[in-house]
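The values are calculated or read from the model by the stated rules, or taken from the named source; none is laboratory data. Model, not experiment: these values are computed from the prediction. Positions of Cβ are generated from backbone atoms using ideal geometry, with glycine treated the same way; all protein chains shown enter the neighbour counts.
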Amino acid sequence: MKDIENIELTYLSLSDYQELKDAMIESYTNMPNSYWKEHHIETLIRKFRDGQVVIKVNDQIAGCALSIIVDYDSFDDNHTYVDITGNYTFDTHTMTGDILYGIDVFIKPEFRGLRLGRRLYDYRKELCERLNLKGVAFGGRIPNYHKYSDTLSPKEYIAKVRRREIHDPVLNFQISNDFHPAKILDNYLTGDKASKDYAVLLEWDNIYYEKKRKLASATKKVVRLGLIQWQMRPYKTFEELMQQAEYFIDAVSGYRSDFALFPEFFNAPLMAENNHLSESEAIRELAKHTDEIVQKFSELAISYNINIITGSMPVVRENRLYNTGYLCKRDGKIESYEKLHITPDEKMVWGLEGGNKLQVFDTDCGKIGVLICYDVEFPELSRLLAEDGMDILFVPFLTDTQNGYSRVRNCAQSRAIENECYVAIAGSVGNLPKVHNMDIQFAQSMVFTPCDFSFPANGIKAEATPNTEMILIADVDIDLLRELNQFGSVRNLKDQRKDIYELKKLTKNN
């Protein structure tokens, strides 16, 4: 995991064939000669390029998904693999069809456990929605059935798998990815001894399907945010803290969130073991965990297919202490941001210094910015980010009293209006009686919007329950920001009087 530098989902090219063949041979060890010939791949790419994708890790093929579009009503309910592929000619593919039919998907053994398969299935679902098809279907193998075929019928076997009484790696995976078993197919794939030649017809229904074909936008316009309102509580070990963090990542990822936002200094409970030291010494000891936490978050971002904004953590650089956070992208890349404005208490008690880095980050969901807590109270910062194209501003914060929270909350909402962007804030709740200078926390995590007709009248998209550990899920539509910028009742960005004032960022090296 530590060697992963890049994960990319891209179209399959004929130049990939030899590597693809080797990957298939390595993946299908129990089915000899089960790889596609080069002329098969050439035909698939020529007929339907969008349906043939590979996922690459460090530019190496880690998995593949092959699909065609079929007129499903033209096939018998008990169709076979040979039927659906037109005896491997793929003449059954038609762009006027109504079902995206999966004909192959695999992940190489060395890359399993990273949830790369889910990315391939998510791509198929998104392609299905974009092409306005009724759904996705395929014949799923049941490779553990041979162990139970003497005592269980295929129907009984599937029922036990669904009840988790039997583990079937393929069928369990399909069900967990929202595919439902529709029927049992007999003699589906000749030679599949592990499945006794049976397969399960698995289907996923496109709830956005419209009878009148209307192609959806190819670009992602709705972004799902997952905010984590973190409970400060004692943790005995580093592993226990990260287990709780993974629990929340798993939860927001389960709702197919694109981002997970953690609060500022969420890892403060680990200072309890150094409570005998002064506050400034204790936080420097906490900084020793930062690299390990960032590496773990990066692994989780890849594994759960989600971009993680880590809140913030102390970092010691050239013996100077900074408040730094990280954007761990689901493609394996890691970028950092810094708290620029340090509160009087942070300076006096911990000896923190302000950083110098202010930038917009490019993500697979557009351009985002991150400001840590106090920074959101300085409107110049978010305006600079907005002028660089920011659509979503994330604000991890840590406040002890309702007064402090109100400053962050009210300023954050103002930033959404001023800069025609979405603003998501996430903080911690609870208390840490055994950590000096971290006694109590107050928070209510929220997602703010501009105030215009396409948005909530009060500018609040979603809000958590105050002072309660929970997650908050909210969808934000980027296209609405574009419309606001051009046609809004007021247009804050376009109406700036740059003839009488200007704002610019000064370059300063660390």
Original post:
Which number in (1) exposed (fewer than 13 other Cβ atoms within 10 Å of the Cβ); (2) closer than 18 Å to residue 121 by Cβ marks the one condition that residue 27 misses?
Top reply: (1)
**OP:** Scan the range 95-107 and give yes if some residue there is part of a helix (DSSP H, G or I), touching a residue at least 24 places away in the same chain (Cβ under 8 Å) and crowded, with 21+ Cβ neighbours inside 10 Å, otherwise no.
**Re:** no
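Tally the residues that are under 24 Å from the mean Cα position of the chain (by Cα), farther than 18 Å from residue 135 by Cα and not acidic (Asp, Glu), restricting the search to the range 55-91.
Quick first cut of the range 55-91, residues under 24 Å from the mean Cα position of the chain (by Cα) only: 55-67.
Now drop any that are not farther than 18 Å from residue 135 by Cα, which leaves 55-64.
Among the residues that remain, those that are also not acidic (Asp, Glu) are: 55-58, 60-64.
The total comes to 9.
Scan the range 368-384 residue by residue and report those that are hydrophobic (A, V, I, L, M, F, W, C), crowded, with 24+ Cβ neighbours inside 10 Å and closer than 17 Å to residue 506 by Cα. Even if it seems obvious, please write down each step before you answer.
Taking the range 368-384 first, the residues hydrophobic (A, V, I, L, M, F, W, C) are 368, 370-373, 376, 378, 381, 384.
Keeping just the survivors that are crowded, with 24+ Cβ neighbours inside 10 Å gives 368, 370-373, 376.
Selection gives nothing.
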Original post:
Among the candidates 204, 230, which residue alone is surrounded by 13 or more Cβ atoms within 10 Å (Cβ to Cβ), aromatic (Phe, Trp, Tyr) and closer than 30 Å to residue 312 by Cβ?
Top reply: 230
**OP:** Name every residue in the range 435-463 that is among the hydrophobic types (A, V, I, L, M, F, W, C), in contact (Cβ under 8 Å) with a residue 40 or more places away in the chain and over 22 Å from residue 261 (Cα atoms), in order of residue number.
**Re:** 435
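Residue-by-condition table, conditions (1) of a type outside the set (D, E, K, R); (2) closer than 28 Å to residue 284 by Cβ; (3) in contact with a Cys (Cβ under 7 Å, 6 or more places away or on another chain):
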site: 347; (1), (2), (3): no, yes, no
site: 351; (1), (2), (3): yes, yes, no
site: 359; (1), (2), (3): yes, yes, no
site: 376; (1), (2), (3): yes, yes, yes
site: 381; (1), (2), (3): yes, yes, no
site: 392; (1), (2), (3): yes, no, yes
**OP:** Kindly provide the set of residues from the range 45-90 that are over 30 Å from residue 5 (Cα atoms) and assigned to a helix (DSSP H, G or I), ordered by number.
**Re:** 46, 47, 72, 73, 74, 81, 82, 83, 84
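Which of the residues spanning the range 136-152 are touching a strand residue (DSSP E or B) at 6+ places or on another chain (Cβ under 9 Å) and either of a type in the set (A, V, I, L, M, F, W, C) or surrounded by fewer than 17 Cβ atoms within 10 Å (Cβ to Cβ) (or both)? I'd like the intermediate steps shown before the answer.
First, the residues of the range 136-152 that are touching a strand residue (DSSP E or B) at 6+ places or on another chain (Cβ under 9 Å): 136-142.
Selection gives 136, 137, 138, 142.
Just for the range 405-429: of the residues that are touching a residue at least 12 places away in the same chain (Cβ under 8 Å) and surrounded by fewer than 20 Cβ atoms within 10 Å (Cβ to Cβ), which one is farthest from residue 230 (Cα to Cα)?
Pass one, the range 405-429, residues touching a residue at least 12 places away in the same chain (Cβ under 8 Å): 405, 407-409, 411-429.
Still in the running and surrounded by fewer than 20 Cβ atoms within 10 Å (Cβ to Cβ): 407, 414, 417-418.
Values: 407: 19, 414: 24, 417: 27, 418: 28 Å.
By that ranking, first place goes to 418.
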Subject >> Residues of the range 368-392 satisfying the condition of being modelled with pLDDT under 95 and part of a strand (DSSP E or B) >> reply: none
Original post:
Hey, any hits in the range 476-499 for a residue that's in the same structural domain as residue 250 (by TED's automatic domain parsing), touching a Ser or Thr at 6+ places or on another chain (Cβ under 8 Å) and closer than 17 Å to residue 425 by Cβ?
Top reply: yes
**OP:** For residues that are loosely packed, with under 14 Cβ neighbours inside 10 Å and within 20 Å of residue 109 (Cβ to Cβ), scanning just the range 153-172, find the one that is modelled with the lowest pLDDT.
**Re:** 169
Subject >> Among the residues listed as 203, 210, the single one being assigned to a loop (DSSP other than H, G, I, E, B), acidic (Asp, Glu) and in contact (Cβ under 8 Å) with a residue 24 or more places away in the chain >> reply: 210
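Sort through 133, 120, 189, 152 and tell me the only one that's under 30 Å from residue 311 (Cα atoms) and not in a strand (DSSP E or B).
Values: 133 fails: under 30 Å from residue 311 (Cα atoms); 189 fails: under 30 Å from residue 311 (Cα atoms); 152 fails: under 30 Å from residue 311 (Cα atoms).
The unique qualifying residue is 120.
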Subject >> Odd one out for residue 200, checked against (1) closer than 30 Å to residue 80 by Cα; (2) in the same structural domain as residue 478 (by TED's automatic domain parsing); (3) not acidic (Asp, Glu) >> reply: (2)
